[in-house]
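Report on the following structure.
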Amino acid sequence: MHYIDLRSDTVTQPTKEMRDSIYHAQVGDDVYNEDPTINRLEEMAAEMLGKQAGMFVPSGTQGNQICVMTHTQPGEEIILEEKCHIITYEVGGIGRLSGVQAKLLHGNKGVMAPEDIEAAIREEDIHQPKTGLICLENTHNRAGGTVIPMDILKKTYEVAKKHNIPVHMDGARVFNAATYLKLPVKEIAQYTDSVMFCLSKGLCAPVGSMVVGSNEFIQKARKYRKMLGGGMRQAGFLAAAGIVSLEKMTLRLQDDHYHAQLLAKGLNRIAGIKVDMDTVQTNIIICDISGLKMTGTEFSQRLYDKGIKINGGSASTIRFVTHYWIKEEDIEITLNAVNSIIK
Ligand SMILES: *Cc1c(COP(=O)(O)O)cnc(C)c1O
């Protein structure tokens, strides 16, 4: 059976062009810096984000964790938004791997106010930890794919620089943010010291994420990647798909955003389902189904029986994510299926 899979953009299969480029990729031992395809991907990523250097990593989680390790010293404190991926979905890695503690701030649609960040920065005091890093998430996953407005991002970076604190961006979907803002991605990255972004989500690559930053930062980060087992030898086969991601797939994300708008507006017209349209900026839709007397798990099971996969849990929220393999007709089929299961 063919399923319409709206669980996540991580489910994206590689495109035909990716499969061809994987087959033909030139490879070498990347631990010796001898994989020409990885070297090219790293240069392309650095260039697109306006940074000196890039590093290919197996996953976004590893990329984020390496960045926290590289920026901080054990015993420091780092500032994060309370529902961010690093806190929610990375298995407590910052405590275990970096030995840092988290200062969590409440965000408005995932966006922390620069004033709140400044107020959270620790003073020079014998009792207090040193604030070692500010982490931002753009787009913000659990807030529904929301984008950090450019003025807030700039102000946040100014606060960070005033206090001499580095800024890391978990930009798993930073190309979705750039598409929404209609800006080159380097305009966003200029207000960061490091960015992690995923090739394996909306950009359709089968595996891999990128970390970008200064030469010095990436040199140090490579050692932590090796420590965590991320030295990958002939991984140019994976990087080959990543090159197609950067060259082609970054240019089409507006289609996914358009499909998300169609789906969100359609869902909002169904009694018992509520979508806060202010949060539907990119390719993620979070719905409140508390008006339906059904849990997310029940809702998703019934949709599954109709050939549609979504993420729903015990709470009364469900999530849809659009991506390359979701076409306009799939949105209509999905809306019809939702209408039929709640009857
Ligand atoms: C998906 C994601 C990651 C990394 O995920 P991996 O599955 O480890 O590649 C990091 N941050 C955010 C916001 C994400 O959505």
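The values are calculated or read from the model by the stated rules, or taken from the named source; none is laboratory data. Since this is a predicted model, take the numbers as computed values, not measurements. Note that each Cβ is placed from the backbone with ideal geometry, even for glycine, and that neighbours are counted across all protein chains shown. When the accessible area is computed, the model is the full protein with side chains, heavy atoms only, and any ligands, DNA or RNA have been set aside. Shrake-Rupley method; radii C 1.70, N 1.55, O 1.52, S 1.80 Å.
Observations, loosely collected:
- Reported count of residues in segment 73-98, each being in contact with a helix residue (DSSP H, G or I) (Cβ under 6 Å, 6 or more places away or on another chain) and of a type in the set (S, T, N, Q), is 1.
- Near pairs, Cβ below 7 angstrom, 6+ apart or cross-chain, from segment 132-151 (closer than 28 Å to Pro74 by Cβ) to any residue that is within 12 Å of the ligand (Cβ to nearest atom) and polar (S, T, N, Q): His140/Thr146; Arg142/Thr88
- Annotation note: of Val207, Val195, Val211, the sole residue that is in a loop (DSSP other than H, G, I, E, B) and within 13 Å of the ligand (Cβ to nearest atom) is Val207.
- Leading residue by the ranking (nearest to Arg40 (Cα to Cα)) among those in segment 245-265 that are in contact with a helix residue (DSSP H, G or I) (Cβ under 7 Å, 6 or more places away or on another chain) and open to solvent by less than 10 Å² (accessible area, probe 1.4 Å): Leu246
- Here Glu42 qualifies as more than 16 Å from the ligand (Cβ to nearest atom), over 26 Å from Lys154 (Cβ atoms) and surrounded by 16 or more Cβ atoms within 10 Å (Cβ to Cβ).
- When segment 283-313 is limited to residues that are open to solvent by 40 Å² or more (accessible area, probe 1.4 Å) and touching a helix residue (DSSP H, G or I) at 6+ places or on another chain (Cβ under 6 Å), the one that is nearest to Glu329 (Cα to Cα) turns out to be Lys306.
- Residues that are more than 13 Å from Tyr258 (Cα to Cα) and more than 18 Å from the chain's Cα centre (by Cα), drawn from segment 315-329: Ala315, Ser316, Thr317, Ile318, Trp325
- Of all residues in segment 58-85, those being part of a loop (DSSP other than H, G, I, E, B) and either more than 16 Å from the chain's Cα centre (by Cα) or of a type in the set (A, V, I, L, M, F, W, C) (or both) number 6.
- Count of residues meeting criterion [more than 21 Å from Cys204 (Cβ to Cβ) and of a type in the set (Val, Ile, Thr)] in segment 1-52: 1
- Within segment 137-173, considering residues that are among the charged types (D, E, K, R) and within 12 Å of the ligand (Cβ to nearest atom), the one farthest from Ile117 (Cα to Cα): Arg173
- Note on segment 47-64: residues that are more than 16 Å from the ligand (Cβ to nearest atom) and surrounded by fewer than 22 Cβ atoms within 10 Å (Cβ to Cβ) total 5.
- Some residue of segment 118-134 being more than 16 Å from the ligand (Cβ to nearest atom), crowded, with 21+ Cβ neighbours inside 10 Å and charged (D, E, K, R): no
- Residue list for segment 169-222, filter: over 17 Å from Gly54 (Cα atoms) and of a type in the set (Lys, Arg): Lys182, Lys201
- Residue pairs whose Cβ atoms lie under 6 Å apart, sitting 6 or more positions apart in sequence or on different chains, and linking a residue in segment 59-87 that is without any contact (Cβ under 8 Å) to a residue 40 or more places away in the chain to a partner that is open to solvent by 10 Å² or more (accessible area, probe 1.4 Å) and not β-branched (Val, Ile, Thr), are Pro74/Gly99; Glu82/Leu104; Glu82/His106.
- Residue in segment 289-309 that is closer than 13 Å to Gly144 by Cβ and touching an Asp or Glu at 6+ places or on another chain (Cβ under 7 Å) present: no
- Of residues in segment 65-85 being among the hydrophobic types (A, V, I, L, M, F, W, C) and farther than 14 Å from Gly171 by Cβ, the one surrounded by the most Cβ atoms within 10 Å (Cβ to Cβ): Ile66
- Within segment 150-177, tally of residues that are open to solvent by 50 Å² or more (accessible area, probe 1.4 Å) and in a loop (DSSP other than H, G, I, E, B): 2
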